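Bear in mind these aren't lab numbers, they're just calculated from the coordinates by the rules spelled out. On a predicted model such as this, the values are computed, not experimentally measured, just so you know. Cβ: placed from backbone, ideal geometry, glycine included. Neighbour counts: every protein chain shown.
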Ligand code: ATP
Ligand code: MG
Ligand code: FE
């Protein structure tokens, strides 16, 4: 079976082909960063319109590259949610239409399940069960993963997501959108001892997160500090250290609570090298291993959607009649492949 994956939940059009026999065949990505950069954030209507222009040409490019045609597809997986409603509608409409036209099954996939399963595309995939730290532009979650579709959200952000906090802080420091990678680069030269920001919610039990207070601390510091490059770098460094430290503390706690032997880190912020290094140390101190997707599959991509869809299509899961997107959709609602709860 060859599954086409379509990701259009936000500002990246991601397309991929996954084969039952050969694994990932190819993937393509069109990033809309240039479209939205002038506005300092994603403009939903522009995102939807651009997805419409990109999806089918990228599907054709992928098929051409590996010498396949649409008739070779055994299934189509697309992101049903969570994400921007208009953007999700594009992938959903195209995915379902292709399924109907080609007489092959289609399936709407949970975007965060895609992120969570992205490390399964690597040569040494993590074994279930594991603990997952999902850190992306819209989500921050610690999830206990018994198997595919068996998820228990142990903690999440009560306000801003980690990526959002990176992006907002970067903006305060005058860095262009999207700020996460730029802030990481700026922090590299920053004096680690000049500023210290709070480690939110680490002084009480539990696994939830909160990043809005940290953002306020940065706002106040930026307002009272000079605008020298060294000062901005030191603020970036102090912010990143606070985020990394907060994740390390919560991950330590969650590993101890669950007894998990493996930690999976996925989502865009998982591309941050300081975070990767620290969590690797943290996990190994507790006798656990860490699995990351390759950098290109930390942020949004079609490969993770093709893979998640493949696992579920293989178990016989299919779309029902209604075309429906789920802009808000909790991971707790998911069930194992082939055992979907009646809607
Ligand atoms: P969601 O998956 O929650 O719907 P999203 O798809 O927009 O959100 P991703 O594509 O997984 O999120 O990740 C994008 C986020 O990751 C952005 O906020 C970006 O700033 C952040 N990010 C990317 N690289 C880095 C990095 N090196 N350091 C910190 N943050 C980063
Ligand atoms: Mg994005
Ligand atoms: Fe994402």
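Report the label-to-label distance for residue 60 and residue 189 in nanometres (one decimal), using points 7 Å from each Cα along the Cα→Cβ vector. Taking the simple label geometry, residue 60 and residue 189 are separated by 4.6 nm.
To the nearest ten degrees, helix 44-65 and the longest principal axis of the Cα atoms of the chain are 60 degrees apart. Between the Cα long axis of helix 85-102 and the first principal axis of the chain there is an angle of about 20°, rounded to the nearest 10. Among 136, 48, the ranking by other beta carbons within 10 Å of each residue's beta carbon, starting with the fewest, stands as 48, 136.
By the count of other C-beta atoms within 10 Å, a proxy for reagent exposure, 235, 148, 305 are ordered fewest to most as 148, 235, 305. Cα axis of helix 162-172 to longest principal axis of the chain: angle in degrees, 0 to 90, nearest 10? Its long axis makes an angle of about 60 degrees.
Annotation: peptides 27-39, 291-303, ranked by per-residue average of other Cβ atoms within 10 Å with the highest first, follow the order 291-303, 27-39.
Full extension of the segment from residue 72 to residue 45, taken as 0.36 nm per residue of separation minus the current Cα-Cα distance, would add 6.4 nm. Between residue 249 and residue 147, residue separation times 0.36 nm minus the direct Cα-Cα distance comes to 34.2 nm. For the chain, the share of DSSP beta bridges that are antiparallel, to the nearest 5, is 60%. Computing FRET efficiency as 1/(1 + (r/R0)^6) for residue 257 and residue 53, where r is the C-beta to C-beta distance and R0 is 35 Å, gives about 0.15.
In this calculation the C-beta distance from residue 216 to residue 314 is compared with R0 = 51 Å, giving a FRET efficiency of 0.60. Extension gain, residue 124-residue 230: 0.36 nm per intervening residue step, less the Cα-Cα distance, totals 34.1 nm. In terms of packing, defined here as the mean over residues of other Cβ atoms within 10 angstrom, the peptides 258-270, 326-338 line up highest first as 258-270, 326-338.
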